[in-house]
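Below is one structure, written out as structure tokens, with a few remarks after it.
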Amino acid sequence: MTGPDESPCRILVMASGFGSNFQALIDAISTGQLRNSRIISLITNRRNAHAIVRADEAGIPWDYFNLISNGFLRKGEIDEQKISEGRQRYDAALAARVLSTDKERPELIILAGWMHVFSGAFLEPVERAGVRIINIHPALPGEFDGAMAIERAFEEFKAGRLTRTGIMAHYVIDEVDRGTPIVVKQVEWKGEELEKFKERMHFHEHELIVKATAKVVQEIVEGRGT
């Protein structure tokens, strides 16, 4: 009788920008803080994303796949129906790419500063394949969904309407930043200016993405074969 499968959880990271959360995961795996985990690849949708440099330095293969460069949408398109159709085709093609049988299939996808909102054309096939998708968002559940969450919270601080915000790691659904929270941390405003506050928020993000990943990885590894 064979024992449980203890091989590392296969993680795919998606990032569009600087990649500091991606780096936090790389570092946590290399130091043993994040156990039973292996990043199998990075996908980016921006050619100049610094996350690519981080992947190269860590010896992690990466893939560039872009809505416009890969021909799914014409640059400058303003027709809403064509934009929607192009995004759906891109999402479906990206899901097929991620789940391709000629490469290692991930067990967990982490969106680490991924600047593209997925539709069901991506989420549904990935979910059917049993792959979990998590995201890190710098706000508390139900507050400041979408882009510029830190800046919007800061405006509320300055107006005297709010003294705290937070960060959450959550499962990804087709409603932006509305998936079930995995880990949540409240962050108080200490009166600092925006750039200093953003630095502190990013520090907590790096902690939270590792903590959430560890929790989900443990569930995945323990749930294999059941």
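The values are calculated or read from the model by the stated rules, or taken from the named source; none is laboratory data. Remember, predicted model here, so these are calculated numbers, not experimental data. A quick note on method: Cβ atoms are made from the backbone with ideal geometry, for glycine too, and the neighbour counts reach across all protein chains shown. With ligands, DNA and RNA removed, areas are computed over all heavy atoms of the protein, side chains included. Shrake-Rupley method; radii C 1.70, N 1.55, O 1.52, S 1.80 Å.
Quick one: of the DSSP bridges fully inside the chain, what percent are antiparallel, nearest 5?
On the way: 11 of 28 bridges.
Within the chain, antiparallel bridges account for around 40 percent of the total.
Skip the ligands, DNA and RNA, and give the accessible area per residue of the stretch 89-226 with a 1.4 Å probe, whole Å². Don't skip to the end; give the middle numbers.
Numbers: 6820 Å² over 138 residues.
For the stretch 89-226, the per-residue accessible area is 49 Å².
Mind listing the long-range amide H neighbours of Gly113? Cut-off is under 5 Å, sequence gap 5 or more, other chains count too, H placed in the peptide plane at 1.01 Å from N.
So Gly113 has HN proximity to Ile136.
Treating the beta-carbon of each Lys and Arg as +1 and of each Asp and Glu as -1, no other charges, what is the dipole magnitude of the stretch 56-173 about its Cα centre, to the nearest 20 debye? Don't jump to the answer; show the numbers that get you there.
Values: 14 positive and 18 negative charges, 26 e Å.
That gives a dipole near 120 debye.
Given Cα pairs under 8 Å that are at least 6 residues apart, what percent is the relative contact order of the stretch 40-169?
Values: 132 pairs, mean separation 21.6, N = 130.
For the stretch 40-169, the relative contact order is 17 percent.
Just how large is the dipole of the stretch 31-94 about the Cα centre, in debye to the nearest 20, putting +1 at every Lys and Arg Cβ and -1 at every Asp and Glu Cβ? Before the final figure, lay out the partial values.
Values: 10 positive and 8 negative charges, 31 e Å.
The calculation lands at about 140 debye.
Identify which of the listed values of Rg/Rh (Cα atoms, Kirkwood Rh) was calculated from the structure shown: (i) 0.95; (ii) 0.98; (iii) 1.06.
Calculated Rg/Rh (Cα atoms, Kirkwood Rh): the matching label is (ii).
Could you rank the peptides 51-60, 29-38 by their average count of other C-beta atoms within 10 Å per residue, with the highest value first? Intermediate values should be presented prior to the final figure.
Values: 51-60: 17.1, 29-38: 14.9.
Order by mean packing, descending: 51-60, 29-38.
Counting Lys +1, Arg +1, Asp -1, Glu -1, what net charge surrounds Ser69 among other residues with beta carbon under 13 Å of its beta carbon? Show your work: numbers first, answer last.
Working: positive: Arg46, Arg47, Arg74, Lys75; negative: Asp63.
Net of charged neighbours comes to +3.
Mind listing the long-range amide H neighbours of Ile43? Cut-off is under 5 Å, sequence gap 5 or more, other chains count too, H placed in the peptide plane at 1.01 Å from N.
Val13, Met14, Ala15, Asp63
Divide by every residue of the chain the summed helix terms, -39500 (n - 2.57) for each DSSP H run of at least 4, and state the resulting mean residue ellipticity at 222 nm, rounded to the nearest 500 deg cm²/dmol. Working shown, then result.
On the way: 6 runs with 87 residues, N = 226.
Counting only the DSSP helices, I get -12500 deg cm²/dmol.
Mind ranking 66-75, 40-49, 187-196 by how tightly packed they are, going by the mean number of other C-beta atoms within 10 angstrom, highest first?
Numbers: 66-75: 14.4, 40-49: 18.5, 187-196: 12.0.
The most tightly packed comes first, giving 40-49, 66-75, 187-196.
When the accessible area of the stretch 115-199 is computed with all protein chains present and a 1.4 Å probe, what percentage of it is carbon and sulfur?
Answer for the stretch 115-199: carbon and sulfur cover 50 percent of the accessible area.
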